Amino acid sequence: MRDMDRRGIAAGDPIGIEAVAELARSLAGCEGACVRLADDGPGRPGIRFFPHRTDAGDLPDAFLPGDMQPIIGARALTGIGFWAGLPLHDAEGNITGLLGVFDAQNRILGEQAMGDLLTLARILSSLVALAQHGGTKAILPAAPSVARACYRFDAFARLRIGEMLHDIGRCESTDRMAFRLSGSTEMWTPLLNSFEDGWPEVAAEIIARTRNALRDYIRMHMIRNREADVMPGEREYDLYGLLWRVRGTVEAAEVWRVEHGWQPFDTAPVAESDDPRDLAAHALISAVPDLDARIGADVKGWARRLAQGAQISPILTAVA
């Protein structure tokens, strides 16, 4: 066991971490999983993503359970629409790591799946403890403590952004916050922002994570050139000098830009919309791959201005 410690538990995967992560992904129906160990063996933290990611070195602090320190200098995970993290414990109940599942899109994780993941986290806790220390004492680690994990949140406020209502929850042991649609039983989505950042920043984060902010920004700011010389069925739009044309419907559509001509694009993201502005906005996103980089700062500023109008009320007096 001590040789395994010196090499690092993750090295060579001697305890089957990859198999556990694949099972976690399957149980949650998520696109990714990760295992974060406070001590990977040689006295240092370690983290592995499944499938492997090259854009991240560690999880954001808000996603780490209590008492876990971030890896110094590591980049944070991006592109998270849903996250569920389950702490790993030793026999005394100390947090020794984390088993997490995540997805680019927000989703609902049912009680059965959550229960299965909790069981899987206990099994992985045992495997890690045995690999690190050995002995029967590590076979039955303590059950995860709700008070020390941030997958349990209690609703305390309701945030209105336009017509949308979100419940805001707080973890009593860490004061970290999360959100979900008011009245729903969905899993809570952890927030990176907190009280100290202010409610506008919290609202702006929710806007960015629950709606296509880039598409909404385009819809609100684009102008249709009704005087343009186009063929019947074609529509031309202008977004601060960016010109494009659209023809077709959500069943099949094409987008035109002067440097590329007419090209078909995937309409699936707006297939449920009957508003031609959604199709037009998505057409521009499809036609300009670096659009987010070009106008991303404007989109974020717009989301923050929109968030300024958000209304917060105590959960006991909020009216749905």
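For a quick check of your reading of the model, give me the residue pairs whose first member lies in region 183-198 and is in a loop (DSSP other than H, G, I, E, B) and among the aromatic types (Phe, Trp, Tyr), whose second is surrounded by 17 or more Cβ atoms within 10 Å (Cβ to Cβ) and modelled with pLDDT of 80 or more, with beta-carbon atoms closer than 8 Å and at least 6 apart or on different chains.
TRP188/PHE153; TRP188/GLY169; TRP188/ALA178; TRP188/PHE179; TRP188/ARG180
Can you name the condition, by its number, that GLU236 falls short on among (1) within 23 Å of ALA104 (Cα to Cα); (2) surrounded by 18 or more Cβ atoms within 10 Å (Cβ to Cβ); (3) acidic (Asp, Glu)?
In the conditions (1) within 23 Å of ALA104 (Cα to Cα); (2) surrounded by 18 or more Cβ atoms within 10 Å (Cβ to Cβ); (3) acidic (Asp, Glu), GLU236 misses (1) alone.
Quick check on this structure: which one of ILE95, ILE108 is modelled with pLDDT under 80 and touching an Asp or Glu at 6+ places or on another chain (Cβ under 8 Å)?
Every option except ILE108 fails the conditions.
Take VAL255 and decide whether it is within 30 Å of ASN193 (Cα to Cα) and in contact with a helix residue (DSSP H, G or I) (Cβ under 6 Å, 6 or more places away or on another chain).
Against the criterion (within 30 Å of ASN193 (Cα to Cα) and in contact with a helix residue (DSSP H, G or I) (Cβ under 6 Å, 6 or more places away or on another chain)), VAL255 does not qualify.
For (1) touching an Asp or Glu at 6+ places or on another chain (Cβ under 7 Å); (2) more than 24 Å from GLU205 (Cα to Cα); (3) modelled with pLDDT of 85 or more, each residue gets a yes or a no:
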{"position": "ASP5", "(1), (2), (3)": "no, yes, no"}
{"position": "ALA11", "(1), (2), (3)": "no, yes, no"}
{"position": "PRO14", "(1), (2), (3)": "no, yes, no"}
{"position": "GLY43", "(1), (2), (3)": "no, yes, no"}
{"position": "ASP58", "(1), (2), (3)": "no, no, no"}
{"position": "LEU86", "(1), (2), (3)": "no, no, yes"}
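ALA62 versus (1) in a helix (DSSP H, G or I); (2) modelled with pLDDT of 85 or more; (3) of a type in the set (A, V, I, L, M): which is the lone unmet condition?
(2) is the only condition that ALA62 fails.
Filter region 98-133 down to the residues that are crowded, with 16+ Cβ neighbours inside 10 Å and among the polar types (S, T, N, Q) and list them by number.
Across region 98-133, the qualifying residues are ASN106, SER125, SER126, GLN132.
Would you say ARG219 is charged (D, E, K, R) and closer than 24 Å to ASP103 by Cα?
No, not satisfied.
Only residues that are under 17 Å from the mean Cα position of the chain (by Cα) and either at pLDDT 80 or above or among the aliphatic types (A, V, I, L, M) (or both): list them for region 195-223, please.
Passing the criteria: GLU201, VAL202, ALA203, ALA204, GLU205, ILE206, ILE207, ALA208, ALA213, LEU214.
The values are calculated or read from the model by the stated rules, or taken from the named source; none is laboratory data. Everything numeric in this text was worked out from a predicted model, so none of it was measured. Counting neighbours? That spans all protein chains shown, and the Cβs are built from the backbone with ideal geometry, glycine included.
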